[in-house]
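Just so it is clear, none of the values below were taken in a lab; they were calculated from the coordinates. Everything numeric in this text was worked out from a predicted model, so none of it was measured. For neighbour counting, all protein chains shown are included, and Cβ atoms are generated from backbone atoms with ideal geometry for every residue, glycine included.
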């Protein structure tokens with residue numbers, strides 16, 4: 001007698017054992033260490049920390065190893081781990097002006113205080129496969145110089161000195177956290193930026209790109225991109241002052257966009273802002289473009305492009321949410337499908353009856369699957 | 001690095017309190033979708049994270065948990081969620097509807113009537129019944145606030161005009177306590193009558209969409225319809241070929257590649273219990289009731 005086959009605990013256990021087996025792969029090949037991933041796949045670690053919203057290089061490396069290099073799966077692992085951590089407060093705002101600069105470039109000034117610091121970058125490399133890298137390589141140490149004493153004032157601060165760019169006033173009060181309070185619309189800029197910082201790099205890249213191609217056009221200049229380490233401080237109630245917690249690497253992008261002004265206000269540049277863990281230039285640039293696009297209404301611009309639609313952008317930027325819901329279509333839907341099947345058969349039977357009576361309707365049947 | 005030690009039922013107590021506050025609010029306003037700060041869980045969004053968070057927040061060490069998907073305890077996702085709570089909470093699990101104190105479900109309501117000592121936790125993919133009519137949350141929240149449900153009735157009417165029937169077969173919208181229109185999650189409309197006047201507390205968790213809502217015990221729940229097109233639950237016109245039940249929701253199972261099929265209860269516990277009581281497959285063209293005194 002045929003018995004309805006459903007899942008089965010042993011089948012699942014075997015599938016997971018098989019996953020562990022293929023994850024390890026050929027046992028003759030040395031196993032990856034977390035230090036190898038952290039050091040040699042560092043930009044992947046940066047992305048997983050950023051979109052996983054958890055600054056821990058070792059855990060991010062572990063997630064990448066466990067996820068077999070599937071970045072969204074690794075981000076998901078880190079997020080699920082983050083859930084188990086209690087939150088004890090928000091840090092003081094980090095001061096990116098005091099960053100230990102590893103890279104700082106501006107596309108708006110040929111030279112500026114502190115200078116252009118190229119740092120480690122793919123820019124200007126020829127994208128030719130380097131076959132020498134296929135073998136273990138001997139890499140001589142890179143040339144270094146002692147850190148400049150120059151303070152790297154932000155380009156936007158330099159512009160702000162002469163009121164050429166809109167003022168960015170510090171906001172009082174609690175900073176929002178969408179991982180602790182559900183997002184509602186319209187969202188404040190703090191929550192918008194948090195959402196974008198956690199958002200999928202590919203999604204933001206496409207949206208930012210769409211604004212450059214004319215869907216919500218707003219001509220941007222990369223005023224400045226900087227990458228380096230900043231100190232994180234936490235205000236401790238007990239001692240009454242801010243105590244340092246440690247250093248994090250950050251990339252910050254300040255986009256300078258075209259003018260706003262009014263009868264009562266002189267024309268000035270506007271800002272778009274991007275900030276991410278690690279060296280994440282593509283992400284912060286895309287984020288800055290989308291941040292600026294989302295300010296269209298506030299700045300009295302024409303709206304209607306996808307990147308300007310706050311609810312559309314913020315509701316679909318999270319790749320952990322997106323992948324979960326797309327992939328849930330793999331779960332069984334027998335029950336709903338049976339219900340649809342029942343109705344479809346009934347409709348077809350009635351159609352056949354009507355056809356017999358020459359009363360054919362050509363309206364299509366539509367319904368949304370869940 | 002040291003292996004992390006997880007709290008009882010995975011979530012920390014602070015998070016559980018936040019979810020319980022949302023649940024209490026949901027019970028106080030039947031059918032209203034309460035926003036809550038949904039967390040990332042170690043299973044994907046869309047695979048029951050809302051239900052899992054609700055269950056984790058109400059579960060105590062003495063509870064007995066049952067998890068079903070498509071009515072069955074043995075579907076992959078139900079197995080996975082049951083194992084999750086066995087591992088993180090160490091609670092006793094069961095497949096018996098009668099024995100369970102908390103039942104987490106996807107897409108079905110058990111056939112066996114529930115009691116006042118039980119809580120039914122639904123996994124919800126899209127909590128907003130108006131979502132497919134109006135994509136914007138800002139709009140739909142306003143529509144709920146004003147009880148502006150005309151659009152839903154127009155949709156149902158258009159179904160009738162087009163097909164002669166309301167073409168919604170699952171996730172069939174209901175009105176709770178004469179106020180809020182609610183999505184009962186994608187249960188087949190066969191299950192809708194069980195929502196109403198149910199002795200058990202019914203909680204609905206939508207993780208990705210960050211919403212919790214509830215039907216308190218003994219609350220009137222009405223499936224939307226029209227006087228001349230009354231709501232009608234659907235059931236395949238057949239008996240279960242394992243236990244002979246003529247009143248349960250049936251799964252259609254294809255048994256070979258020549259199109260042969262059989263119908264079996266979707267609720268596996270109901271089916272097994274009936275078989276243990278002596279009910280059996282119906283003889284063709286005869287009554288399946290076993291001889292009982």
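Evaluating kT/(6 pi eta Rh) at 4 °C and 1.567 mPa s, with the Kirkwood radius of chain B over Cα pairs in the Stokes-Einstein relation, gives 64 µm² s⁻¹. Measuring nothing but how far apart in sequence close Cα pairs (under 8 Å, 6+ apart) lie, relative to its length, chain B scores a relative contact order of 20 percent. Taking every DSSP bridge with both residues inside chain B, close to 60 percent are antiparallel. By the gyration tensor of its Cα atoms, with a ≥ b ≥ c the square roots of the eigenvalues, what is the shape of the stretch A:69-162: rounded for a/c under 1.5, prolate for a/b over b/c, or oblate? Judged from the Cα gyration tensor, the stretch A:69-162 comes out oblate (a/c at least 1.5, b/c at or above a/b). Axis angle, to the nearest 10 degrees, between helix A:57-66 and the longest C-alpha principal axis of chain A: 30 degrees.
Between residue A:125 and residue A:259, the contour length at 0.36 nm per residue exceeds the alpha carbon distance by 44.8 nm.
Highest mean packing first, where packing is the average number of other Cβ atoms within 10 Å per residue, the peptides B:16-25, A:220-229 line up as A:220-229, B:16-25. Ordered by the number of other Cβ atoms lying within 10 Å of each residue's own Cβ, fewest first, B:273, B:75, A:151 fall into the sequence A:151, B:273, B:75. The order of A:326, B:253, A:335, B:5, going from fewest to most other C-beta atoms within 10 Å of their C-beta, is B:5, A:326, B:253, A:335. An ellipsoid equivalent to the protein assembly as shown, defined through the eigenvalues of its Cα gyration tensor, has semi-axes of 52, 30, 25 Å when rounded to whole angstrom and sorted largest first. Sorting the segments B:100-108, A:253-261, A:302-310 by their mean number of nearby beta carbons within 10 angstrom, highest to lowest, gives B:100-108, A:253-261, A:302-310. Per-residue shielding of A:318-331, expressed as the average number of other chain Cβ atoms within 10 Å of the residue Cβ, stands at 6. Please compute the contact order of the stretch B:47-199 in relative form: average sequence separation of alpha-carbon pairs under 8 Å and at least six residues apart, divided by the residue count, as a percent. Computed value for the stretch B:47-199: 21 percent relative contact order. Here the calculated FRET efficiency for residue A:21 and residue B:276, from their Cβ-Cβ distance with R0 = 51 Å, stands at 0.80, rounded to the nearest 0.05. Counting only alpha carbon atoms, the long axis of helix A:334-356 and the longest principal axis of chain A meet at about 50°. Mean-square fluctuations from a GNM of chain A, with a 10 angstrom spring cutoff on Cα atoms, peak among A:168, A:233, A:138 at A:138. One Cα centroid belongs to the stretch A:41-87, the other to the stretch B:239-254; the line between them spans 46 Å. For residue B:225, put the label point 7 Å out on the Cα→Cβ axis and report which residues of the stretch B:233-248 keep their amide N under 12 Å from it. Counting backbone N atoms under 12 Å from the label point, the list is B:233-234. Highest mean packing first, where packing is the average number of other Cβ atoms within 10 Å per residue, the peptides B:186-194, A:347-355 line up as B:186-194, A:347-355. Counting only other chain Cβ atoms within 10 Å of each residue's Cβ, the peptide B:167-180 averages 3. Of all the options A:70, A:123, A:56, the one that moves most in a Gaussian network model of chain A with Cα springs shorter than 10 angstrom is A:123. Site pair residue A:345 and residue B:255 shows an inter-label distance of 1.5 nm when each label is modelled 7 Å from Cα along Cα→Cβ. Neighbour counts of C-beta atoms inside 10 Å place B:277, B:182, B:152 in the sequence B:277, B:152, B:182, starting with the fewest. Computed over chain A with a Gaussian network model linking Cα atoms closer than 10 Å, the most mobile of A:108, A:125, A:96 is A:125.
The stretch A:128-188 and the stretch A:297-328 have their alpha-carbon centroids 23 Å apart. The length gained by stretching the chain between residue B:238 and residue B:177 to full extension, at 0.36 nm per residue less their Cα-Cα distance, is 18.6 nm. Mean per-residue shielding of peptide B:204-210 is 3, counting Cβ atoms of other chains within 10 Å of each Cβ.
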